[in-house]
1. Is at least one residue of region B:1-9 farther than 20 Å from residue B:168 by Cα, free of Cβ contacts under 8 Å to residues at least 40 places away in the same chain and more than 14 Å from chain C (Cβ to nearest Cβ)?
2. So which residues in region C:15-61 are surrounded by 24 or more Cβ atoms within 10 Å (Cβ to Cβ), more than 17 Å from residue C:84 (Cβ to Cβ) and in contact with a strand residue (DSSP E or B) (Cβ under 7 Å, 6 or more places away or on another chain)?
3. Can you pull out the residues in region A:65-83 that are buried (at least 24 other Cβ atoms within 10 Å of the Cβ) and in contact (Cβ under 8 Å) with a residue 40 or more places away in the chain?
4. Looking at A:503, A:488, can you tell me which residue is more than 9 Å from chain C (Cβ to nearest Cβ), touching a residue at least 40 places away in the same chain (Cβ under 8 Å) and out of contact with any helix residue (DSSP H, G or I) (no Cβ under 9 Å at 6 or more places or on another chain)?
5. From the list A:607, A:623, exactly one residue is more than 7 Å from every other protein chain (Cβ to nearest Cβ) and modelled with pLDDT of 95 or more. Which is it?
6. Can you name every residue in region A:571-583 that is surrounded by fewer than 19 Cβ atoms within 10 Å (Cβ to Cβ) and more than 7 Å from chain C (Cβ to nearest Cβ)?
7. Would you check which residues across region C:237-265 are part of a loop (DSSP other than H, G, I, E, B), crowded, with 20+ Cβ neighbours inside 10 Å and more than 9 Å from chain B (Cβ to nearest Cβ) and list them?
C-alpha cells in the first residue's frame, strides 16, 4: 500500500542507520497471492528476488539497459529494475520461474534448449520473457520483428543467432507449421560430433540454476566495499570506528586484517587485497563492511572516514614511460610492467631489401567484458577452519594459491568453489574481491555475500588492454613480406594482473600466420593510474592481429595487389617456422582462407575497385547476409493492418 | 540508489496536490524510467528524496481523446501508445517511427509521454516529432486551494537541458497535438547502435502537398539532440512552402540546417548528419505524401 | 546513400597456457545404474564444455551424455584442471577426460572379459548396453553389468587420466619458444553497409572458417563463432571504455555500447575439422580464435565500401564520417591495378 499523508514526516536525508521505511505490498505472483512487508525503496526486481526468492530473474545492471530483469506486470513486459515496488501493489506478476507450471517448460523454453540458445544462461530468463512477449503480441512474428522484440535484451555470449533461431522454431511449432517433434533431440549414431542439447540448458531457460548472487546461507551477512574516488592518492588516515559501531554491522575489514603476505598476482605480486597506504586507481577497494542487510552495509560505508592526499596521476602509457614520470610501483622502473621482445632474423637488413615500405599506426580501445552477471560471491569458514569462497572464478587453482598466500594458511585449508558463471571472457580470471570476502567471513565468523552493482563492475574490474601499434612492413614487389616490425605500447593500468601474459601473446601471434624471415616485435605493458587491464578473450592477439590484417590490406593497396593474393603469397604452409622459431607440422591457414572465400562466394579483385574505374564487385547482398535493419518492423505491421482494415 | 521517505500514488489531481504541499521537496514521477537510472553511481549517485508522488494512476492523465483536428493525450500515456493506438497512427503517423527508435519494447510500456517531456533531455527523441505536431502542454497547479490550469506551446515549455517552464508543484497533465492525417511524415535518428540508443542527432518532418497547385502546401521541420533544446526550423519551412518539390529545392533547404547545430560537442559530425537527415527526411515525407523526389548525388554538395 | 563492401582477414591462435606447461587431470567412476561420475576442474562459463565433456565421456564409456554426472569444480573435491580460458577447455580437459575414461573402460572390459570368459577386446558398449562381438547371448545393460561386477566380483570401476601440453618459456631477448603445441588457424570475411549520411556501419554478414580440429558438438562450435564474431563487431564499431583523468565517463551500459539483436550480422560458420594429430581426441578449440580476424575483416570491408581506412577502433559513426570528410577534402589520385 503506498503511503498516506497521515504518515508523512519531515525527514529529508537517507537514514544514516540504513534502516528504511517499509511498505506492504499485496500482489499475485505466478498465480499465487503474496502479501509482504519490504523496504520502501525496493523495485519489482528486489521484491521478486530478495523477498520472494524467485531468483530466476536477474539484475544485470539495475538501470534498465540489459533486459535481464524483464518480466510481466499486469500483462505488459517491463524492466523490473525500473519499477518501484509500489506500482506492483494490487497487480499481477509473471516471472520466468513458473512460466509453465504444468509442463515444466514452455514450447519456447524447449526451443531454446533445442537450438543451443543458452550459453552462460544469465541473459536467458530475460530473453525468454522478451521472446514470450513478442510471440504473444504476434504469433507469426518474422525474424526482423523478433530481433526488434529482443532489442532491449543484451547477450554477450551467443551473438543472438541461436536465440532468434529458437524463437522462430517455437513460433513454427506453436502455429503448427512444424511438429512438436522438432523440439526433440536429433537422433545420433555417435556422441562425438553430435548436436547434443546442452545438459545445463533446462536449468538455465527456467531460471532454476543458481549463480552466486542467487545463493543464501543461514545467518548470512552482506558485504559492501568502499572504493577510492581518486586515481592516485596517499591514504593519510582511515578511521572505521563509526562504521563498526553501527547497529547491524558485524565486521569491518581493512588491509590491517590481512594475516598472510599481502600483495598477490598471477604473474607479478603487486596487488594488495585492500589498499595499503596508497590507492592507484579510481575504484580500488579501500575497506569493506559486513552487515545484516545491504542497506546497513551501505550506510556504514558512509561512516568510514578516509583522508586522501592526492598524488599526480599517470593516464597515458607513453607519458608514464618518460623519465620524469612518477613511479607507481617500486619494482617497476619507468613504470614498465612487462616488455616482451621477439627478434627473428635482422629487421634492419631485411627492410633494406624491400621494394616498398609501408608504415601506419593502429589503435584499439580499452574494452569491458560486460558479462551479464556482475561479480558476486559467498564466503564462509567451515567447522574445520577451512575458508571457503564460492564465486564465479575462472581459475580456482590460481585463486586458491593467491588466497592461501594472503591468508597465511595451508593451501588445503583454503577452498575455492566455482559457482555457475554468467559470462567470463577472462574478466573473472584476475582476482579482485575474493580475498576481501574471505577476510570478512573470517572476521565476522558468519557467511558473507557480496554482489557487485554494474557500475562497480565497470570501475573495479580489469579491462582489455588498449594498444597503440606502430607498424612497419617491408615487401617485395611480388608481395613477399621481407621484414615486419611492430612496436606496441599498451596501458596496463594500476596493477599487473594478466599484463605479462597479454604482452607475450600479443607479440608471439601479432605478426600473423605468415612466413616472415625478419621479425621485430616489442610489446610493452605500462603501469598507469587507469583501471587495470587484464585477461580478455584473445589476450592481446585480438589487438595485434587486427593491426596486421588491416596493414596487409594497406600494403596490398600500395602494391596494387589483390589482398587475398598478397596473403596467399605469405601464409604459412606445412612445416613453417613461426616468429618464435617453432617448427610447425600441419598448417591449415590456406585451407581456412580458401574455405571462407568459397563459402562467401568471394569476387576476386582489389577493394574499392569502383574508384579505379573497374566494374563493381558482384558478390554483395547474397545469401549469408541480412537486410539492412531499420527500426519499426512491428510498427510497419500495425500501419499495414490499418490500411487493409 | 534512489531512496525516499514516502511514495504516494494519488488517484486524483487534488490528492496529488495535497501530497506536494504537505511534503516540501516531493518529486513527481510517472514511469520512473529516467529517475531510477539517474540515481546511480557515475551519474547522480545515491539520491534521497522526501517523497515521490506517482501520478500514473490519475485517470485524467491516462485518457486519450480525439477530435477532428486535434488530439489530447494524458501525460501518463505510455510511449508505446504512439505505436499501438490506431487513432494516433492515423492522425499522427510521425510518432510511430519515433516510438520505434525509442528505447525498447519494455521501456516503451513504462516510460510516459509526459515524463519524457518534463525530463527535457536535449537528446529526447519525442520532442522533434511533437514540435512538428504543434504540441501544446497542459499544466495544472493549485493556488489558494483552487486548481489553476494553463497551456503553452511545447517550444515555450522546454527552456534548456533539463529545464522547463514548470512551476513548483505544477503538474503536466496532458499534451495536445495537431492531426496531420493525410500528410507525409518522417523521423530520423542516429545513435551508436540501432536499438536502445541515445540520439546524437534526431529530427522529424511532415509535409502536406497541394496537388492542384503541384506544390508544398505546408511543411514542418523540427530537430533535436543538436542543441540545448529541440527547435522548429522556421527558415526551412518558409523556403519550402508554396514551392514545387525538386531535388535541388530539398538539397538547398537541407543545407541551411547546418547553422542550427548548437551542441557543445561533436559539432562537425552533427552538422553534417543533420543536413543529410533533413534532406533524407524531406524525401521520405514527400514520398509518403505521394510524391517521389530523388536526392542529388552527394558530390554535388561540394561542387 | 548506403554503400556495401567486403573485407577479408586471416588469423591464428595458439591454444592452452602460453609458454608454460599446461595440465589437466580427471577421475572417473562407472557408477550404479550404468551412470558415470566424472570429476575434474570443469569450468563451464557458457562455452558448452560441460556438455562436450559428457559427450566425450559417454562415447568412451558406452553410455548416454545424460548418464554422466560431472562433479562441481571445487578445489577440495576434484583434481586440478586449471582455468577456463586460453581456449583450453576442450583441448586440455576433453583429452584428459578421454584418457581417464579409456583407462576406466579398459578395466571394465578386463572385468567383463573375465566375467564372460572372453577376450576383453571383444567387448563393446554403447548407449547403455554392453555386448560381446558376435555373441547373441552375452549382452546386458550397463546398469546390470555394474551391478554384477560390484555384487559378484567386488569390483568398482575407476580410472584416472592426465593430459599435458608441453610448452616452453620465451627467451627473454629473442622470444624463441614453443609457446603452444596446437594452433587454430582461421579466416573471416565481413560484408558491411556504410551509410554515408550518418557514418553508421552495419555488418550484414560474416563468414568464418576455422581449423577447429575434431568437433565434439558442432552446435556449440557455431555458438562460439557467432558469439566471438558479434563481440568482434562490438569492439570494432561501438565499444570504448573511456577514462578522463582516471575516472570513467562510461560507467554503465547507457554509455558503453554493446551490440543488440538488431545490430548483428548473419554468421556462416565453416568448420575445418582435420583432427589434431598430437592428442588422443584430435580436438582443438574455438573460443578465442573466433574473435581474432573479425575487426580487420570489418575495417577492410569499410575500405571496400567507401574507400577510407579506419586505423583506430572503435570505428564509430563520428569517426567514419570524419574519415569520409577528410577523404573528400584530399585529392585522390586514380590508381591502376597492377
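1. no
2. Listed by number, the residues that qualify are C:28, C:30, C:36, C:57, C:58, C:61.
3. Within region A:65-83, A:65, A:66, A:67, A:68, A:69, A:70, A:71, A:77, A:79, A:83 qualify.
4. After applying the criteria, what remains is A:503.
5. A:623
6. A:573, A:574, A:575, A:576, A:577, A:583
7. C:239, C:240, C:241, C:246, C:256, C:264, C:265
Each row is one residue, and each column tells you yes or no for (1) at pLDDT 95 or above; (2) within 12 Å of chain B (Cβ to nearest Cβ); (3) out of contact with any strand residue (DSSP E or B) (no Cβ under 8 Å at 6 or more places or on another chain).
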position: A:103; (1), (2), (3): no, no, yes
position: A:112; (1), (2), (3): yes, no, yes
position: A:118; (1), (2), (3): yes, no, yes
position: A:124; (1), (2), (3): yes, no, yes
position: A:129; (1), (2), (3): yes, yes, no
position: A:138; (1), (2), (3): yes, yes, yes
position: A:147; (1), (2), (3): yes, yes, yes
position: A:154; (1), (2), (3): yes, yes, yes
position: A:157; (1), (2), (3): yes, no, yes
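The values are calculated or read from the model by the stated rules, or taken from the named source; none is laboratory data. This structure is a prediction, so every number in the text was calculated from the model and none was measured. Note that each Cβ is placed from the backbone with ideal geometry, even for glycine, and that neighbours are counted across all protein chains shown.
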